[in-house]
Amino acid sequence: GAGVSQSPSNKVTEKGKDVELRCDPISGHTALYWYRQSLGQGLEFLIYFQGNSAPDKSGLPSDRFSAERTGGSVSTLTIQRTQQEDSAVYLCASSSFSDNEQFFGPGTRLTVL
Amino acid sequence: DQQVKQNSPSLSVQEGRISILNCDYTNSMFDYFLWYKKYPAEGPTFLISISSIKDKNEDGRFTVFLNKSAKHLSLHIVPSQPGDSAVYFCAASGLDSNYQLIWGAGTKLIIKP
């Protein structure tokens, strides 16, 4: 498909375990964003990648969260030692360089027991 | 401190009538505003946007109005259709960080047949 894809769609894990969430952006989009949406909350910005520039990590809530983007395409968001408050839907979006419109993936619903 | 506020968690409108979704913001540096629509288990999709140099933007049944002095924008849908039932997010970006969208908490719109 031509859209943003994310995997897995659902992830249930035990507190203290590490999880990896994957995002495949739209081909050719240089910008990639990670957000999370907790129940009843708006979208919370986590991290932003633009081309080969250093990522903007200002939204990461703690040092347990990290993300990388290999080859300017696929991105992985890693949460170490998960906590129950990490339970949320994690959304990835991509956009072209000069466009404010972001295209979102379907999200990964993370549940930490 | 929420910079973008959608004070109505939900709104119910009769099919065929006008739906008005409201959004307030506090940051005077915001200069671009977007509305996204989200169905369950899907990522948000872009609906319509407006820049601060305009006070109205129209696209088919959707019109966004911006009142800069009141720091208020609204989305009008007319006539409302059953397929419009979704969660609507307002988002804003600013001169100081124009790639980072600041999101409202969303308003769930229910169109009654």
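Summary table below
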item	result
Residues within the stretch B:27-38 that are open to solvent by 10 Å² or more (accessible area, probe 1.4 Å), more than 10 Å from chain A (Cβ to nearest Cβ) and either part of a strand (DSSP E or B) or under 24 Å from A:Tyr90 (Cα atoms) (or both), tallied	3
The stretch A:77-86: number of residues that are open to solvent by 40 Å² or more (accessible area, probe 1.4 Å) and assigned to a loop (DSSP other than H, G, I, E, B)	3
Neighbours by Cβ (under 7 Å, 6+ apart or cross-chain): first from the stretch A:90-113, in a loop (DSSP other than H, G, I, E, B) and at pLDDT below 90; second of a type in the set (D, E, K, R) and open to solvent by 10 Å² or more (accessible area, probe 1.4 Å)	A:Pro106/B:Glu42
Scan of the stretch A:22-44 for residues that are open to solvent by 20 Å² or more (accessible area, probe 1.4 Å) and closer than 24 Å to B:Gln6 by Cβ, ordered by number	A:Arg36, A:Gln37, A:Ser38, A:Leu39, A:Gly40, A:Gln41, A:Glu44
Residue check for A:Ser58: surrounded by fewer than 16 Cβ atoms within 10 Å (Cβ to Cβ) and closer than 19 Å to A:Ala2 by Cα	no
Cross-chain or 6+ apart pairs with Cβ under 9 Å, the stretch B:30-59 first and on the phi > 0 side of the Ramachandran plot, then of a type in the set (S, T, N, Q) and modelled with pLDDT of 90 or more	B:Ala41/A:Ser9
Residues that are more than 10 Å from every other protein chain (Cβ to nearest Cβ) and in contact (Cβ under 8 Å) with a residue 40 or more places away in the chain, drawn from the stretch A:47-60	A:Gly51
Condition met for A:Val12 (open to solvent by 30 Å² or more (accessible area, probe 1.4 Å) and aliphatic (A, V, I, L, M))	yes
Matching option when the condition is within 14 Å of chain B (Cβ to nearest Cβ) and buried (at least 18 other Cβ atoms within 10 Å of the Cβ), among A:Val89, A:Val19, A:Val112	A:Val89
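The values are calculated or read from the model by the stated rules, or taken from the named source; none is laboratory data. Quick caveat, the model's predicted, so the values are computed rather than measured. In this analysis, Cβ positions are derived from the backbone assuming ideal geometry, glycine residues included, and neighbour counts consider all displayed protein chains. To get the accessible areas, we keep the full protein, side chains included, count just its heavy atoms, and leave off ligands, DNA and RNA. Shrake-Rupley method; radii C 1.70, N 1.55, O 1.52, S 1.80 Å.
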